[in-house]
1. Skipping prolines and chain starts, which residues have an amide H placed within reach, meaning under 5 Å, of the one on G370, given they are 5 or more residues away or on another chain?
2. For the stretch 322-420, which trypsin sites (Lys or Arg not before Pro) are both in a DSSP coil and crowded by at most 15 other Cβ atoms within 10 Å?
3. For the stretch 343-348, in order, what is each residue's ³J(HN,Hα) by Karplus, 6.51 cos²θ - 1.76 cosθ + 1.60 with θ = phi - 60°, in whole Hz (x at glycine and Pro)?
4. Let me spell out the model: positive unit charges on the Cβ of Lys and Arg, negative unit charges on the Cβ of Asp and Glu, origin at the Cα centre of the stretch 168-225. What dipole size does that give, in debye rounded to 20?
5. Expressed as a whole number of Å, what is the distance separating the alpha-carbon centroids of the stretch 57-116 and the stretch 4-43?
6. What is the stretch 310-384 by shape, rounded, prolate or oblate, if you read a ≥ b ≥ c off the alpha carbon gyration tensor as root eigenvalues and call it rounded for a/c under 1.5, prolate for a/b larger than b/c, and oblate otherwise?
7. Decide, for the stretch 366-420, between rounded, prolate and oblate: order the square roots of the alpha carbon gyration tensor eigenvalues as a ≥ b ≥ c, take rounded if a/c falls under 1.5, and otherwise choose prolate if a/b is larger than b/c, else oblate.
8. Which entry in [x] 23.5, 85; [y] 22.4, 73; [z] 23.3, 76 matches Rg and Dmax of the Cα atoms in Å derived from the coordinates of this structure?
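The values are calculated or read from the model by the stated rules, or taken from the named source; none is laboratory data. Computed from a prediction, not measured in an experiment: that's the story for all the values here. Cβ sites come from the backbone with ideal geometry, for glycine too, and all protein chains shown count toward neighbours. Keep in mind that these areas ignore ligands, DNA and RNA; they rest on the heavy atoms of the full protein, side chains included. Shrake-Rupley method; radii C 1.70, N 1.55, O 1.52, S 1.80 Å.
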Amino acid sequence: MTPMPRADGIDVRPITEGEFADWLRAVNTGFLRAAALSEEEVEGRRERFVEGRYLGAFDQGRCVATFRSFDQELTAVGGAVVPADAISGVTVTATHRRRGLLSRMMAKDLAAAKDRGDVVATLIAAEYPIYGRYGFGPATWMAEWTVDVPRAGLDARWAGPADGGRIDLVEGEDARKLGPELHERLRRGLPGAIDRDETWWKTNTGVLRWDPSWKQPFYAVYRSASGEVEGMAAYEVDDNWGDAKQPLNTATVRWLIGRTPAAERALWEYVCSVDWVVKVKSGRRAPDDLLPHFLPDPRAARITSLADWLWVRILDVERALEARTYEGQGALVLEVAGADGLTGGRYRLEASPEGASCTPTTESAELELGVGELSALWLGDESAVRLAALGRVREGRVGAARKADALLRTSRRPWCPDMF
């Protein structure tokens with residue numbers, strides 16, 4: 001593959017498989033982790049190596065910046081799945097900042113993604129200010145709750161779901177067998193959700209492990225009254241005792257998925273009922289998650305973290321807007337400014353519950369916005385009215401922002417359960 005042009009003597013190019021360990025060390029350096037790597041970690045992470053999708057910047061043979069992308073599927077509003085270019089492992093070593101290395105790697109990757117036919121690019125931003133200039137916008141948010149179990153008002157005699165279902169503890173091997181099908185069914189109806197590959201399940205059940213702090217979690221499965229697997233959770237519990245032998249243990253949920261509110265309720269009630277547990281940390285949930293309202297006293301669940309999560313960058317405006325569904329009916333003319341020439345133009349969106357069309361037009365624009373703002377609106381979480389108040393979108397016709405919200409916003413907030 002042809003290397004990218006040099007600047008300041010720094011070569012930005014796809015890495016070879018033989019450079020993979022050096023690339024990983026640079027990633028660890030960028031994320032302030034120990035640079036030392038075990039052979040087991042290198043080989044475990046090598047499972048995901050795809051030639052051409054790992055970029056590095058090299059200065060005198062040393063890797064000083066990293067960038068990785070991989071194929072992903074993202075669920076749009078209404079359940080359609082669109083191909084995405086997922087971006088991860090982005091670092092620039094502190095000695096080589098402000099030299100345009102990230103911009104060069106990003107430009108190469110997004111151009112390749114558009115050529116492949118990806119509809120969007122995605123990432124989870126470690127720092128907020130970086131990615132807006134590349135056309136990304138925060139499309140989902142996450143919240144973490146801490147539940148004060150004694151205050152929650154749950155029945156201390158709880159011994160199982162009241163709906164006829166049951167909770168079973170299983171081993172990691174069972175989680176790998178039952179989890180993928182459950183997650184596939186869940187993500188098809190969850191805007192913002194992404195696919196989980198085999199490596200994800202191996203990593204999250206301990207088959208692949210390179211973190212010395214790894215602790216095997218407990219796995220709980222909820223089966224409905226008919227015996228169907230409808231929910232699953234992974235959680236761990238610390239060992240903390242106070243004076244007079246009082247248990248002060250905290251259960252930390254790594255992930256919890258449920259296809260129905262009944263499944264979610266049963267799993268939360270179960271985790272909150274575990275002996276000696278006085279606090280439950282929810283892990284990353286949707287900001288409008290039902291968890292607090294499963295408790296007799298919702299105030300027993302307090303938000304301990306609230307932040308942006310999945311960032312989206314639309315690469316194909318027409319396909320992105322046609323892929324999702326709309327609860328209302330109407331038409332809207334959008335003037336979209338691309339961040340780098342990859343995406344932009346004027347489009348007429350005609351939407352209804354039966355489907356949508358998005359086509360180039362010469363009509364006067366009703367709403368003018370950047371691709372980052374459109375990307376933030378696409379999954380239905382952000383408000384065009386809010387963005388207009390912030391000066392980030394401009395109305396060409398009075399009321400266009402409210403019209404956009406009526407078409408684009410959703411009754412429940414999108415949610416991406418996963419880190420990548």
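1. Those qualifying (amide H under 5 Å, at least 5 residues apart or on another chain) are A337.
2. R397, R412
3. Working through the residues one at a time gives 9, x, x, 10, 9, 10 Hz.
4. Numbers: 10 positive and 10 negative charges, 28 e Å.
So the dipole magnitude of the stretch 168-225 works out to roughly 140 debye.
5. 14 Å
6. Working: a/c = 1.63, a/b = 1.16, b/c = 1.40.
Oblate, because a/c is 1.5 or more while a/b does not exceed b/c.
7. prolate
8. So the structure-derived entry is [z].
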